[in-house]
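Down below is the structure, laid out as structure tokens.
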Amino acid sequence: MPGWQEFVIDPLSAALTGLADSVGGFGIAIVLMTLAIRVLIFPLSVRGIRAQRRIQLLQPKVNEVKRRARGDRQKESQLTMALYREHGVSPMSGCLPLLLQMPVLLAMYGALLTVGTCIGADGIRIDQGVMGLGADSYSNCAAAGGSVPLDEDFLWFNLAQIDRTIEFLFLPDWWPTPLTYISVLAILGGLTFWLQTYMAQPVQEPTGPQATFQRVMQIYPLFFVFIGWFFFSGILLYWVLAGFIQIGQQFFISGLGKFEPLLSANQLALAQRMGAGYFARPGSQPPPESGPPPPVEDEPTEPRPMGSSSNKTRKRRRRRRRRRG
């Protein structure tokens, strides 16, 4: 996509390179760039997280709809969507904070890939190699008189290579390369994604489309660990840091979500004093409980035997006469 490369990736990579020159390294530059990006998309994140909270507050009514639908899946789905429309929420809007990260992640990946290629002494890119496949591409780059700007150590990893925090030695040559190491950054990335999805889930079990979507989202942390296993550490650093920032935002905006039942009363009170769900407390948004749920067919009631009420009336009259007599 020429437009994406020209208007998004190239300016972002230039800004990242300039910031790295100013602060003395790409590691700190990635941290600062992550903070700047999160500040820019914060308003959209707030809207998405508040949408999550509104869905959580509607869950009791959704459960009531499910009870009265009596196993009719089609009817339950229709009534649930009608309930969401009535209160102006979408079952997918609660996942907006997670979906927002995808284009930003792709942009950062492209920018880091740009600064991770081999640059010759004349400033011209001479190698379009793929990141993270080993040290051969970097030694070939050095032999050609070039250098990789992102080839820099930060914390315990190299930004331009795969995070091989734990390597298994003395394995046979035929052993698959991805199974010869453990990527701590990839595991941290999957963990932050799982924490975000779990905090976004309502305390009560969802039903209908929301339940289906949440089951799909539970698979994504494993998917991100898998692809992160092959990513270079620079993009994983952005991913992990952005995930922890998002978790902090969810903590203050919507609370702990499905973690709340796991806490004791004292722990939950402590979390609230620390600001959990501060922006979702009464007064911060209109309560979705106002108004009745969508009309559904009344449950059939057993007919009373004829004359049952008149018999009870006659018995009461007899008891009164006996007392008077």
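The values are calculated or read from the model by the stated rules, or taken from the named source; none is laboratory data. Quick caveat, the model's predicted, so the values are computed rather than measured. Cβ: placed from backbone, ideal geometry, glycine included. Neighbour counts: every protein chain shown.
Just need a number here: residues in region 23-57 that are surrounded by fewer than 18 Cβ atoms within 10 Å (Cβ to Cβ), closer than 23 Å to Leu236 by Cβ and not aliphatic (A, V, I, L, M).
Of the residues in region 23-57, 3 are surrounded by fewer than 18 Cβ atoms within 10 Å (Cβ to Cβ), closer than 23 Å to Leu236 by Cβ and not aliphatic (A, V, I, L, M).
Any residue in region 67-89 that is under 20 Å from the mean Cα position of the chain (by Cα), over 29 Å from Leu185 (Cα atoms) and at pLDDT 65 or above?
yes
Among all residue pairs at least 6 apart or on different chains, which show Cβ distances below 6 Å where the first residue, located in region 10-23, is over 14 Å from Leu112 (Cβ atoms) and the second is surrounded by 13 or more Cβ atoms within 10 Å (Cβ to Cβ)?
Qualifying pairs under 6 Å: Val23/Ala29.
Could you please give the count of residues in region 1-22 that are closer than 16 Å to Leu159 by Cα and either among the aliphatic types (A, V, I, L, M) or crowded, with 17+ Cβ neighbours inside 10 Å (or both)?
Residues meeting the conditions: 5.
From the list Trp194, Trp174, exactly one residue is at pLDDT below 75, of a type in the set (A, V, I, L, M, F, W, C) and either closer than 30 Å to Ile28 by Cβ or not in a helix (DSSP H, G or I) (or both). Which is it?
Working: Trp194 fails: at pLDDT below 75.
After applying the criteria, what remains is Trp174.
For region 127-139, state whether one or more residues are within 25 Å of Ile245 (Cβ to Cβ), at pLDDT below 80 and either touching a strand residue (DSSP E or B) at 6+ places or on another chain (Cβ under 8 Å) or in a loop (DSSP other than H, G, I, E, B) (or both). Give the steps one after another, and end with the answer.
Narrowing region 127-139 to residues within 25 Å of Ile245 (Cβ to Cβ): 131-132.
Remaining after also requiring at pLDDT below 80: 131-132.
Okay, now just the ones that are also either touching a strand residue (DSSP E or B) at 6+ places or on another chain (Cβ under 8 Å) or in a loop (DSSP other than H, G, I, E, B) (or both), so 131-132.
Yes, region 127-139 contains at least one residue that is within 25 Å of Ile245 (Cβ to Cβ), at pLDDT below 80 and either touching a strand residue (DSSP E or B) at 6+ places or on another chain (Cβ under 8 Å) or in a loop (DSSP other than H, G, I, E, B) (or both).
Name every residue in region 224-239 that is β-branched (Val, Ile, Thr) and either surrounded by fewer than 24 Cβ atoms within 10 Å (Cβ to Cβ) or closer than 12 Å to Val184 by Cα (or both), in order of residue number.
Initial filter on region 224-239 (β-branched (Val, Ile, Thr)): 225, 227, 235.
Listed by number, the residues that qualify are Val225, Ile227.
Return only the number of the condition from (1) out of contact with any Asp or Glu (no Cβ under 9 Å at 6 or more places or on another chain); (2) at pLDDT below 65 that Leu106 does not satisfy.
So the condition that Leu106 fails would be (2).
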